[in-house]
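The values are calculated or read from the model by the stated rules, or taken from the named source; none is laboratory data. It should be emphasised that the depicted structure is a prediction, and the values quoted were computed from it without experimental measurement. FYI the Cβ positions are ideal-geometry reconstructions off the backbone, even for glycines, and counts take in every protein chain you see. The protein model used for the area step is the full one, side chains on, heavy atoms only, and it has no ligands, DNA or RNA in it. Shrake-Rupley method; radii C 1.70, N 1.55, O 1.52, S 1.80 Å.
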Amino acid sequence: MLKAALFDLDGVIFDTEPQYTDFWGVELSSYFADGPAMAQQIKGKTLVQIFDEYLPKDPKEQAEIVARLDDFEVKMHFDYIPGFLEFVEDLRKKGIKTGVVTSSNRPKMENVHRNHPEFKGLFDVILTAEAFTKSKPDPECYLKGAHFFGLKPEECVGFEDSFNGLKAVKAAGMTVVGLATTNSEEAIRPYCDIVIKDYINWIHKTHLFT
């Protein structure tokens, strides 16, 4: 029986991925001809890892990118994926542990908390980029989530939208639920046990957890 649900943030809890795709498409286009396409490749990576793997090592340039990102995240909007609030509240009523496993950092989470004061109360743990040494598709973040609850990976389910995230859940040995919010159902299906468009039809139908 599944005892815990671990959620990615962008594209899984909040419908923010299109905003990030636009931001990183512009930033990466300054360095690569295929910037918009590369904006898809970096999903699931921390900011530090994006700098290490894709962007210049010059501290001044990196600081300028960080400043633009900080300004962007302060102004962005955080709309819940349809049905998410009702779904996670239903899980908690059933005694299911809930957690966030995200590549976003603490300053980004402060923006989330400012926009949604109720957010912290929805989860037993919120793990951000500072808690991890490896990025998705490495399973470290999801294994840490299971460890926090004292559970085996097979007792947990991970909700993801990006290819890197889906691979991370799979590598951790958890049940994989894919959200077709960032990529199409057809594209993510090979990486998932279950594919959903949103949570509306899952409210009060949490059969995985019974």
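Data table
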read-out	value
Accessible area of CYS156 in the full protein assembly, 1.4 Å probe (Å², nearest 10)	0 Å²
Theoretical gain in end-to-end length, VAL74 to VAL125 [0.36 nm per residue, Cα-Cα removed]	16.1 nm
Contour minus Cα-Cα distance for LEU151 and LYS57 (0.36 nm per residue)	29.9 nm
Kyte-Doolittle mean at least -1.0 and Cα axial length at least 20 Å: DSSP H helices in the chain	59-75
Cα coordinate range in the chain, projected on the principal axes (Å, largest first)	52, 36, 30
Sequence of GLU89, GLU27 from largest to smallest accessible area, 1.4 Å probe	GLU89, GLU27
Sequence of LEU9, LEU47, LEU143 from largest to smallest accessible area, 1.4 Å probe	LEU143, LEU47, LEU9
Accessible area (Å², per residue) of the chain, counting only protein heavy atoms and a probe of 1.4 Å	46 Å²
ARG106 accessible area, 1.4 Å probe, all protein chains in place, Å² to nearest 10	140 Å²
THR133, THR182, ranked by accessible area, largest first (probe 1.4 Å)	THR133, THR182
Burial order of peptide ranges 120-126, 70-76 (average beta-carbon count within 10 Å, highest first)	120-126, 70-76
Rounded if a/c under 1.5, otherwise prolate or oblate - the stretch 54-175, Cα gyration tensor axes	oblate
Apportionment of accessible area to carbon and sulfur, the stretch 106-189, percent (1.4 Å)	52 percent
